[in-house]
Amino acid sequence: MQDLAGATFVPAASGLPTRLRIGSIDISGPWLTFLQFAAITLVFRLIMFGNPVVHVDEQFYLLMADRWNQGALPFVDLWDRKPIGLFLLYRLFLMVPGDPVLVYQLFGVMATAATAMLVQRMAREIARPSSAWLAGVVYTFAMPGFSCAFGQAPVFYNLLMALAALQLVEVWKRPEAPDLIGRGIGVMALVGVALQIKYSVLFEGVAFGLLLLARGWADVWSWRRLAVAGCVWASVALAPTLMAYAWFQSMGHGHDFLQANFISILQRLPDGNASWLRLAAQLVALTPFWLAVLVAPRMLPMPRPRHPAVPAVLRAWAVAAVVGYLVFGTWYDHYVAPMLPPLAVLSAPVLARSIPAEKWFGRFVLVTSALGGLAVMGIQFKNHGTAAQFDDMTQLIRREMHGGCFYQFDGEPGLYRTVDACIPTRYAFAAHLNTWTEAPAIGVNPGREVARIMMTHPDVVLVGEWKAIYLPNHVARAVLLDFLARDYERYSGFVLGTHRFGLYRLKRHA
């Protein structure tokens, strides 16, 4: 036994604690595993915990939920192409008392820990318990390395897809089970909910559906039974999305829903060499997993899986996640995150190896995941700024507000929430108006929309004063600068992280 601050850990033969006693409270089994992963996840992210500028996407999700609470309708009053389920999730976070940033980040920690538990559970099908536990740790370390420390969409839908994958594994372990249709409904229901957090899970969902049909085929189902089951499973997966569309259609905004959710993604332009550089960087960053999953099995003896069909199911999941990453062509770092659960599971056999000559594979995966996660969080902390800087910038803007609107052409969408002024456009995510790639995809002409915004005379306008990383929309920026030169005066500059902003206030004529 090990005592720590009044707590008693009871170790198992594997060396991992199986029970925690705190006074009269006895914690064991899944709850102890969850607490272990939650503690590791939180401690690993402490440098970023409580920072409201972790990532622009997370800021926007919180903003959308906040304005939805105030009566704004997603896709109509505020535009984005993410599914309504993601914003609903953040709206639920706002129901919890306390600082909304801390709340959503804590929920992100819990979702990551729960996903790590599922990674561990599936990894035990192909690896020893100690190796499986380390696979869960690898997942918690790797997620921040791809900008998914707290509240990015994959943090939450990975949990649903991992749970669906676990159910699929159980299906394949039970040949000719009489409840296959019911279990398949459970799998595809999880996929359907995940689709309303991010549509990119479609490819994993299709793979899961095909694996369910393959299970039915292996059980010698008739063609008719396969067809009926396939239709039922597909209908269950599509039901949440169809319900969301029906809700918007009932309010007369069906076209707004379709344009934002489906049409716009097909109209967005590629950003050229930048996307190819991102792809190369992400593939290199995944090198430890490629070595563990593709190279190590050819060089090392692997543990025998509990069930012979399970490795094939896990590999199919990984392939589907890779396809889902590759197909969109933008290759942002957080798009890698859906690959991490299956890759972490498949890397488990090389973790916690006992033979010295074999240990380096596992150590390489574990150490590089940790170093990569810490490095990316450190870079984000440096580039995006601190909570204190963010608060100072908020106050600097608020002092010049006189009951009008605040407009930021560049910058952090979280400022809209903290300044708490009216937003003069439905395109509150700055990149939708200030980048070339989004110009044909948002449903309006960006230059004309910027002109319309500026003709409403916002009290304060925020403009970035740095070289844009992504291809800028020069027309929209030229329109903005023309209005600023005529109707506004620069009253301050501010540095948030590594980015310098210019703050402009409306000229007040006597």
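None of the figures in this text is laboratory data; all of them are computed from the coordinates on show. Owing to the predicted nature of the structure, the values given are computational and were not obtained by experimental measurement. Virtual Cβ from ideal backbone geometry, glycine too; neighbours counted across all protein chains shown.
At a 10 Å Cβ-Cβ cut-off, how would you order His432, His499, fewest neighbours first?
His499, His432
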Taking 0.36 nm per residue of separation between Tyr332 and Leu266 and subtracting their Cα-Cα distance, the length gained on full extension comes to 22.1 nm
Relative contact order of the chain, pairs being alpha-carbon contacts under 8 Å that are 6 or more residues apart, as %: 18 percent
Debye intensity ratio in log₁₀ form over the Cα atoms of segment 45-114, taken at each q of 0.16 Å⁻¹: -0.54
If R₀ is 41 angstrom, what is the calculated FRET efficiency for the pair Ile181 and Gln389, using the beta carbon separation as r and rounding to 0.05? 0.15
Which FRET efficiency, nearest 0.05, do Ala234 and Leu283 yield, Cβ-Cβ r, R0 35 Å? 0.65
Under the 7 Å Cα-to-Cβ spin-label approximation, Ala72 and Trp276 lie apart by a distance in nanometres of 3.8 nm
Once Gln249 and Val319 are pulled to full extension, the length gained, defined as 0.36 nm per residue separation minus their Cα-Cα distance, is 21.6 nm
Considering only DSSP states other than H, G, I, E and B, which trypsin sites (Lys or Arg not before Pro) in segment 474-510 qualify as loop sites with at most 14 other Cβ atoms within 10 Å? Lys507, Arg508
Setting aside same-chain residues fewer than 8 positions from Lys507, which aspartates and glutamates have a Cα under 12 Å from its Cα? Glu400, Asp459, Asp487, Glu489
Segments 256-268, 273-285 sorted - mean Cβ within 10 Å per residue, highest first: 256-268, 273-285
Within segment 310-330, find all residues whose amide N lies under 15 Å from a label point positioned 7 Å from the Cα of Asp219 along Cα-to-beta-carbon. none
With all distinct Cα pairs included, what does the Kirkwood hydrodynamic radius of segment 405-503 come out to in Å, to one decimal, could you say? 13.6 Å
Per the beta carbon screen (other Cys under 4.7 Å), unpartnered cysteines of the chain come out as Cys148, Cys231
Volume of the Cα convex hull of segment 88-212, divided per residue and given in Å³: 116 Å³
By Cβ neighbour count within 10 Å, fewest first, Cys405, Cys422 rank Cys422, Cys405
Exposure proxy order (Cβ contacts within 10 Å, fewest to most) of Thr330, Thr437: Thr330, Thr437
Alpha carbon centre of segment 369-446 versus segment 257-319: separation in Å? 30 Å
What does the extension gain come out to for His307 and Lys382, with contour length at 0.36 nm per residue minus their alpha carbon separation? 22.3 nm
Note on segment 200-342: the mean projected area of its alpha-carbon convex hull, in nm², is 12.0 nm²
Determine, from the Cβ-Cβ distance of Ile47 and Val495 and an R0 of 25 Å, the FRET efficiency 1/(1 + (r/R0)^6), rounded to the nearest 0.05. 0.80
Can I get the semi-axes of the chain's equivalent ellipsoid? Compute them from the C-alpha gyration tensor as square roots of 5 times the eigenvalues, in angstrom, largest first. 43, 28, 21
Below 8 Å, C-alpha to C-alpha, sequence gap of six or more: please give me the relative contact order for segment 346-421 in percent. 19 percent
